[in-house]
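Student: First the structure, then my questions, so here it is.
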Amino acid sequence: AEKTGLIEPLGMFVLQSACERARQWPDINIAVNISPVQLRNPSFAAQVAGVLDSAGIEPARLTLELTEGYLIQNPQRARQSIERLKALGVKIALDDFGSGFSSIGYLRQFGFDRLKIDRSMVSGIDENDAARSLLEATTALARSLGIPVTAEGVERESQAHVLLDCGCDELQGY
């Protein structure tokens, strides 16, 4: 969708659908992945505000999830976009942490509301001491910055126990 130019209308459709559904579930927060292409659009924050207003849900109920790719390409512009979204009251999560560059500097710089650890860091967590140590260090870092942690790709109960012991706040299946 990014290559064909369809990601912006598709992304807005997903956001609108999720927000309209959230109106029916007043006690549930929602998270929606966004593309770097959407974040690059200077009017994206205004579009998000319009969707929230139209759906009648509070911005604090919405978390937008993004990966590090765009942060690396254009940190200044990404920071501006994130600041506009956060000014609306929307939460921002860094998704797939541990799958690529995983800069500690980005965690400090952008003020993320949640860190989502990539499933590649979770897969051997219940069988590998080195994987567990890395996860413990990652969750300790996030905690020191006041960022809650979600572990992605949890497939076994044994993984869940280890992840909770390591300090993860939420677990997500694949």
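Student: Report the Cα centroid-to-centroid distance between region 19-84 and region 94-137 in angstrom, as an integer.
Tutor: Each part's Cα centre sits 22 Å from the other's.
Student: Still on this structure, please answer the following. Angle, helix 129-144 long axis vs. longest principal axis of the chain, Cα atoms, 0 to 90°, nearest 10?
Tutor: For 129-144 against the chain, the angle is about 50 degrees.
Student: Amide H to amide H, which residues 5 or more places from residue 31 or on other chains are under 5 Å from it, using H placed in the peptide plane?
Tutor: The list, which skips near neighbours in sequence, is 63.
Student: Could you give the nm distance between label points at residue 144 and residue 74, where each point is 7 Å from its Cα heading toward the beta carbon?
Tutor: Distance between label points: 3.2 nm.
Student: By accessible area of protein heavy atoms, probe 1.4 Å, what ranking do 118, 169 get, highest first? Provide the component values of the computation, followed by the final result.
Tutor: Numbers: 118 20, 169 90 Å².
In descending accessible area the options line up as 169, 118.
Student: Would you mind computing, in nm to one decimal, how far apart the modelled labels at residue 165 and residue 25 are, each placed 7 Å from Cα along Cα→Cβ?
Tutor: About 3.1 nm separates the two model spin labels.
Student: May I pose another question? What chymotrypsin sites (Phe, Trp or Tyr not before Pro) does region 72-127 have in DSSP loop regions with at most 15 other beta carbons within 10 Å? Write out the running numbers ahead of the final one.
Tutor: Working: sites: 97, 101, 106, 110, 112; in loops: 101, 112.
Of the chymotrypsin sites (Phe, Trp or Tyr not before Pro), the ones in loops of region 72-127 whose Cβ has at most 15 other Cβ atoms within 10 Å are 101.
Student: Also, I was wondering about something else. Can you pull the accessible area of residue 104 for me, 1.4 Å probe, Å² to the nearest 10?
Tutor: Accessible surface of residue 104 is approximately 90 Å².
Student: Roughly speaking, what is the stretch gain from residue 103 to residue 127, that is 0.36 nm per residue apart minus the C-alpha to C-alpha distance, in nm to one decimal?
Tutor: Between residue 103 and residue 127, full extension yields an extra 6.1 nm.
Student: Helix 75-88 versus the longest principal axis of the chain: what angle, 0 to 90°, nearest 10, using Cα atoms?
Tutor: 70
Student: I'd like the Karplus ³J(HN,Hα) series for region 161-174: coefficients 6.51, -1.76, 1.60, θ = phi - 60°, whole numbers in Hz, and an x wherever there's a Gly or Pro.
Tutor: 4, 5, 5, 5, 5, 7, x, 5, 8, 9, 10, 9, x, 8
Student: So what is the calculated 222 nm ellipticity per residue for the chain, using -39500 (n - 2.57) for each DSSP H run with n of 4 or more, over all residues, to the nearest 500 deg cm²/dmol?
Tutor: On the way: 9 runs with 90 residues, N = 174.
Taken over the chain, the calculation gives -15000 deg cm²/dmol.
Student: Roll a 1.4 angstrom probe over the protein heavy atoms and tell me the percent of accessible area of region 57-174 that is carbon or sulfur.
Tutor: That share works out to 48 percent.
Student: Moving on. How much area per residue is accessible in the chain when the probe is 1.4 Å and only protein heavy atoms are counted (Å²)? Please list the in-between numbers first.
Tutor: Working: 8980 Å² over 174 residues.
On a per-residue basis, 52 Å².
Student: Taking amide H positions as placed 1.01 Å from N in the peptide plane, with prolines and chain starts having none, which residues 5 or more places from residue 96, or on another chain, fall under 5 Å of its amide H?
Tutor: Counting only residues 5 or more places away or on other chains, the set is 116, 118.
The values are calculated or read from the model by the stated rules, or taken from the named source; none is laboratory data. Computed from a prediction, not measured in an experiment: that's the story for all the values here. Backbone-built Cβ (ideal geometry, glycine too); neighbour counts: all protein chains shown. We work out accessible area using only protein heavy atoms, side chains counted, and drop any ligands, DNA or RNA first. Shrake-Rupley method; radii C 1.70, N 1.55, O 1.52, S 1.80 Å.
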